[in-house]
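Derivation of every value follows stated rules applied to the coordinates shown; laboratory data play no part. This one's a predicted model, so the numbers in the text were calculated from it and none came from an experiment. A quick note on method: Cβ atoms are made from the backbone with ideal geometry, for glycine too, and the neighbour counts reach across all protein chains shown.
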Amino acid sequence: MFTLFRPVLPFLLLSVSIVAATPPDWLPEVQMPPHGWNDEPSANLLLKNSDGTKITTADAWEKHKTELQNAWIKHLGLMTSVRKKEKYYAPPKIEVLETFDGGDFVRKKILYETEPGQNVRAYLMMPKEIKTPRPAVVVFHSTDNHTYHRTAGVSDTRVTAIGYHLVKKGYITICPQNYLWPCSDEIQNKIVEMSEEFRKRNPNQWGMARMILDAQIAVDILVSMKEVDPKRIGTTGHSLGAKQALYLPAFDERVYCSVSSEGGIGFEQTNWDDVWYLGPDVKKPDFPLNHREIVAMIAPRPFLLLGGDDSDGDASWKYIAAALTAYRLYGQPEQIGLFNHRKGHSIPPEAEEKTYQWFDAFLTPQK
């Protein structure tokens with residue numbers, strides 16, 4: 001039986017620093033708690049060691065973060081350890097299925113292996129004129145009949161075609177297709193079928209383990225390209241894709257900047273207990289892990305949560321409030337926030353523009 005585990009890297013304390021950048025002028029607004037909110041309960045939940053002692057320094061938090069990551073790895077049956085941002089991982093062999101000339105950019109439909117015998121399709125897009133290495137973004141799709149065709153702008157350039165619009169702005173993007181859909185239709189049936197097949201191959205792992213693996217391999221592809229600046233990697237996703245955009249930077253420090261839209265950050269806010277995500281144990285009262293840890297594991301790198309008062313919104317603030325306590329330990333500007341557009345489970349124009357502004361602020365500056 002194939003296992004998704006990869007060798008665990010030894011712990012290495014990184015000197016993680018924020019890029020010298022001008023943050024969006026609206027950053028203070030997304031760091032304000034909802035009206036009438038009391039942050040005190042959230043602020044006291046995170047910065048404690050297993051023995052109850054307080055965590056008061058960035059070094060102490062980094063060590064505790066490794067313990068948290070290992071606890072999550074144990075639950076997920078995770079295929080990998082924390083990936084260090086200065087570490088190189090060889091990309092898989094890539095087959096180019098088709099090439100499209102977009103005028104000022106090129107879009108390649110590619111195929112590559114993740115699990116042995118299990119292939120993933122993706123769209124890899126880049127501007128034609130590249131004189132210096134560019135920032136790059138991994139864009140995850142939502143539960144949509146068009147899956148990665150949507151994010152790459154193949155089926156529609158108007159609705160959630162984030163990867164397409166980013167490449168038009170000068171970024172390099174990769175839009176992978178989630179393993180739950182080997183084709184672009186039969187959404188619900190394929191979710192059940194593919195998650196059951198995955199569990200048969202890997203009975204000790206939950207679906208998010210495979211999603212993280214696929215996400216990290218997409219990063220492997222980007223950082224192997226001479227056109228990409230490996231220090232300026234970002235990720236974003238909506239709904240289903242938002243879950244991947246939350247977990248990827250928490251387990252891969254090569255990802256510097258992230259935006260997660262309407263994924264439902266709390267266990268109670270969406271279907272995290274499904275087997276293609278985290279499994280039913282997460283809804284048990286005594287489950288020892290929490291997503292405030294996942295958000296805090298991203299610190300001090302920039303993280304923006306988008307909500308519409310559907311899957312995410314005011315109720316999600318407690319996760320940002322808890323994570324802020326970890327961000328403050330680094331003595332750097334806290335580049336984290338929640339923007340609630342209050343327009344339901346969608347990416348309205350103002351939220352889409354916030355995404356582009358976030359990446360422009362934190363990925364564009366040269367290091």
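Counting helices only, and only those DSSP H runs with n ≥ 4, report the 222 nm mean residue ellipticity of the chain as the sum of -39,500 (n - 2.57) divided by its residues, in deg cm²/dmol to the nearest 500. Don't skip to the answer; put the middle values down first.
Numbers: 11 runs with 114 residues, N = 367.
So the helix-based figure for the chain works out to -9000 deg cm²/dmol.
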Order these by the 10 Å Cβ neighbour count, fewest first: C175, C257. C257, C175
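Given R₀ = 30 Å, what would the calculated FRET efficiency be for K226 paired with L111, taking r from the Cβ atoms and rounding to 0.05?
On the way: r = 22 Å, r/R0 = 0.72.
Between K226 and L111 the formula returns 0.90.
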Report the residue, chosen from T56, T270, T132, that carries the largest GNM mean-square fluctuation when the chain is represented by alpha-carbon nodes joined by springs under 10 Å. T132
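Select from the chain the helices, each a whole stretch of DSSP H, whose alpha-carbon atoms run 24 Å or more along the helix axis and whose Kyte-Doolittle mean is at least -0.5; answer none if there are none. Could you put the intermediate results ahead of the total?
Values: long enough: 58-76 (26 Å, -1.08); 207-223 (25 Å, 1.37).
Going by DSSP H runs, the hits are 207-223.
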Residue (of F287, W276, P300) at the positive-pole extreme of the range 251-310, dipole from beta-carbon charges: P300
Given Cβ charges of +1 for Lys and Arg and -1 for Asp and Glu, the option among T53, Q31, A136 whose Cα lies farthest towards the positive end of the dipole of the chain is A136
Put a dot 7 Å past each Cα toward the Cβ at A71 and N119; how far apart are the dots in nm? 4.1 nm
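Output the relative contact order of the range 30-362, whole-number percent, from Cα pairs under 8 angstrom with separation of 6+ residues. Don't skip to the end; give the middle numbers.
Numbers: 660 pairs, mean separation 61.3, N = 333.
Value for the range 30-362: 18 percent.
How about the range 28-101: which chymotrypsin sites (Phe, Trp or Tyr not before Pro) there are in a DSSP loop, with at most 16 other Cβ atoms within 10 Å of their Cβ?
Values: sites: W37, W61, W72, Y88, Y89, F100; in loops: W37, Y88, Y89.
Sites meeting the loop and neighbour criteria: W37, Y88.
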If each of Y88 and E196 carries a label point 7 Å out from its Cα toward its Cβ, how far apart are those two points in nm? 4.4 nm
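By how many nm would the segment from T57 to W26 lengthen if fully extended, with 0.36 nm per residue of separation less the alpha-carbon distance? Mind dumping the intermediate values first?
On the way: separation 31, 0.36 × 31 = 11.16 nm, distance 2.81 nm.
So the chain would gain 8.3 nm between T57 and W26.
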Given Y179, S260, N70, which one lies farthest toward the positive end of the charge dipole of the chain, if we put +1 on the Cβ of every Lys and Arg and -1 on the Cβ of every Asp and Glu? N70
Computed over the range 158-257, the relative contact order (Cα-Cα under 8 Å, seq sep at least six) in percent reads 19 percent
For S142, what residues show an amide H to amide H distance below 5 Å, using hydrogens built from the backbone and excluding near sequence neighbours? H238, G241
Among P285, P176, P230, whose mean-square fluctuation peaks in a Gaussian network model of the chain (Cα, cutoff 10 Å)? P285
If I build a Gaussian network model for the chain, linking alpha-carbon pairs within less than 10 angstrom, which residue out of F339, F303, F287 has the largest mean-square fluctuation? F287
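Subtract the Cα-Cα distance of F100 and Q332 from 0.36 nm times their separation in residues, and report this length gain in nm to one decimal.
My answer for the length gained is 79.3 nm.
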Can you give me the Kirkwood hydrodynamic radius for the chain, using every pair of distinct Cα atoms, in Å to one decimal? 20.5 Å
Quick calc: nm separation of the 7 Å Cα→Cβ label points for K284 and Y356 -> 4.7 nm
